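> Please see the structure below; I have some questions.
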Amino acid sequence: MIQPADLPDSLPVFPLPGALLLPRARLPLHIFEPRYLQMLEDAFKTSHRMIGMVQPFPSRTTEDKLHSIGCAGRITQFSETEDGRYLITLSGVSRFRIKEEINGFTPYRRCSVDWGGFHRDLGRVEADNSFDRPVFMDLLERFFESRSLATDWEVLKDAEDELLINSLSMLLDFDPEDKQALLEAPCLATRRETLITLIEFALRGGSHEETLQ
């Protein structure tokens, strides 16, 4: 298990709209842009092999402004295709807060980061003692039916609270700003409440122009 002292002071960051990584969860990525191929090669030279996933703000400029909170993932699986692309899996380690962007000579972006305030992320799997699973599963089933989505319901019913809530938060097709709200939830119960709000909003036919308040 990674200890607070093992966390680096800076990270390469990958601004990818809608791609959410959460602590103790896994995110598969397909890397093909030259600057991010270089980022991976540089990450493998470090002892921690971490990359920071960050949501960019919508922008028409060439350099998007980044949200202040992201999540670091450790490269735990890696394969290379014949044409030089990389298929990797990031395992979520901890959220972080961006202090400042580092100007340098790398083709990708790097940031100085602060890990304070996210002590839960390095601890044990979280439980949600107020989680009414039958009511939630009924809501989720209605949502999946409305989107013509299929899943293995037995697997979902048997999943631990954190695995279920975090996996759905990462996989369901919400707007980037909604994904950011899920990321910034201070605990699992708050993330579950946020997820329920987003699902209920979608079932009411909510417009993408509206944002989560």
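The values are calculated or read from the model by the stated rules, or taken from the named source; none is laboratory data. Computed from a predicted structure; not experimentally measured. Cβ placement follows ideal geometry from the backbone for every residue including glycine, while neighbour counts extend to all protein chains displayed.
> Mind listing whichever residues of segment 117-135 are over 22 Å from the mean Cα position of the chain (by Cα) and in a loop (DSSP other than H, G, I, E, B)?
Hits for segment 117-135 are ASN129, SER130, ASP132.
> Given the structure, is PRO56 within 24 Å of ASP178 (Cα to Cα) and either in the same structural domain as LEU163 (by TED's automatic domain parsing) or of a type outside the set (A, V, I, L, M) (or both)?
When the stated conditions are applied, PRO56 passes them.
> If ILE75 satisfies every condition in (1) farther than 21 Å from GLN180 by Cα; (2) modelled with pLDDT of 95 or more; (3) among the hydrophobic types (A, V, I, L, M, F, W, C); (4) in contact with a Phe, Trp or Tyr (Cβ under 6 Å, 6 or more places away or on another chain) but one, which is the exception?
(4)
> Let me ask something else. Out of segment 104-116, which residues are under 19 Å from GLN55 (Cα atoms) and not in a strand (DSSP E or B)?
Answer for segment 104-116, where residues must be under 19 Å from GLN55 (Cα atoms) and not in a strand (DSSP E or B): PRO107, TYR108, TRP115.
> Checking PRO12 against (1) surrounded by fewer than 16 Cβ atoms within 10 Å (Cβ to Cβ); (2) more than 20 Å from ASN166 (Cα to Cα), only one condition comes out false. Which one?
Against the list (1) surrounded by fewer than 16 Cβ atoms within 10 Å (Cβ to Cβ); (2) more than 20 Å from ASN166 (Cα to Cα), PRO12 comes up short only on (1).
> Just to be sure I understand the filter: pairs with C-beta atoms under 7 Å, separated by 6 or more residues or on different chains, first member in segment 118-141 and under 29 Å from MET1 (Cα atoms), second member among the basic types (Lys, Arg). Which pairs pass?
Here the result reads PHE118/ARG95; ASP121/ARG95; VAL125/ARG24; GLU126/ARG120; ASP128/ARG192; PHE131/ARG192, each pair linking segment 118-141 to a residue that is among the basic types (Lys, Arg).
> Which one of these is in the same structural domain as ASP161 (by TED's automatic domain parsing) and either surrounded by fewer than 17 Cβ atoms within 10 Å (Cβ to Cβ) or farther than 21 Å from GLU41 by Cβ (or both): GLU100, GLU141?
One residue alone meets the criteria, GLU141.
> Give me the residue from segment 144-170 that is exposed (fewer than 12 other Cβ atoms within 10 Å of the Cβ) and of a type in the set (A, V, I, L, M, F, W, C) and, out of that set, nearest to GLU193 (Cα to Cα).
Within segment 144-170, the match that is nearest to GLU193 (Cα to Cα) is VAL155.
> Does ILE98 satisfy the condition of being within 17 Å of the chain's Cα centre (by Cα), β-branched (Val, Ile, Thr), under 17 Å from ALA19 (Cα atoms) and not in a loop (DSSP other than H, G, I, E, B)?
Details: within 17 Å of the chain's Cα centre (by Cα): yes; β-branched (Val, Ile, Thr): yes; under 17 Å from ALA19 (Cα atoms): no; not in a loop (DSSP other than H, G, I, E, B): yes.
Spelling it out, it is not the case that ILE98 is within 17 Å of the chain's Cα centre (by Cα), β-branched (Val, Ile, Thr), under 17 Å from ALA19 (Cα atoms) and not in a loop (DSSP other than H, G, I, E, B).
> Only residues that are under 17 Å from ALA202 (Cα atoms) and part of a helix (DSSP H, G or I): list them for segment 136-155, please.
PHE136, MET137, ASP138, LEU139, LEU140, GLU141, ARG142, PHE143, PHE144, GLU145, SER146
> Is segment 64-72 home to any residue that is assigned by TED's automatic domain parsing to the domain that holds LEU22, more than 14 Å from the chain's Cα centre (by Cα), part of a loop (DSSP other than H, G, I, E, B) and among the basic types (Lys, Arg)?
Scanning segment 64-72 turns up at least one residue that is assigned by TED's automatic domain parsing to the domain that holds LEU22, more than 14 Å from the chain's Cα centre (by Cα), part of a loop (DSSP other than H, G, I, E, B) and among the basic types (Lys, Arg).
> State whether the residues of segment 28-43 include one that is touching a residue at least 60 places away in the same chain (Cβ under 8 Å) and under 14 Å from GLY92 (Cα atoms).
Yes, segment 28-43 contains a residue that is touching a residue at least 60 places away in the same chain (Cβ under 8 Å) and under 14 Å from GLY92 (Cα atoms).
> Restricting to segment 171-197, and then to whatever is without any contact (Cβ under 8 Å) to a residue 12 or more places away in the chain and assigned to a helix (DSSP H, G or I), can you tell me which residue is surrounded by the most Cβ atoms within 10 Å (Cβ to Cβ)?
Checking each candidate, the answer is GLU193.
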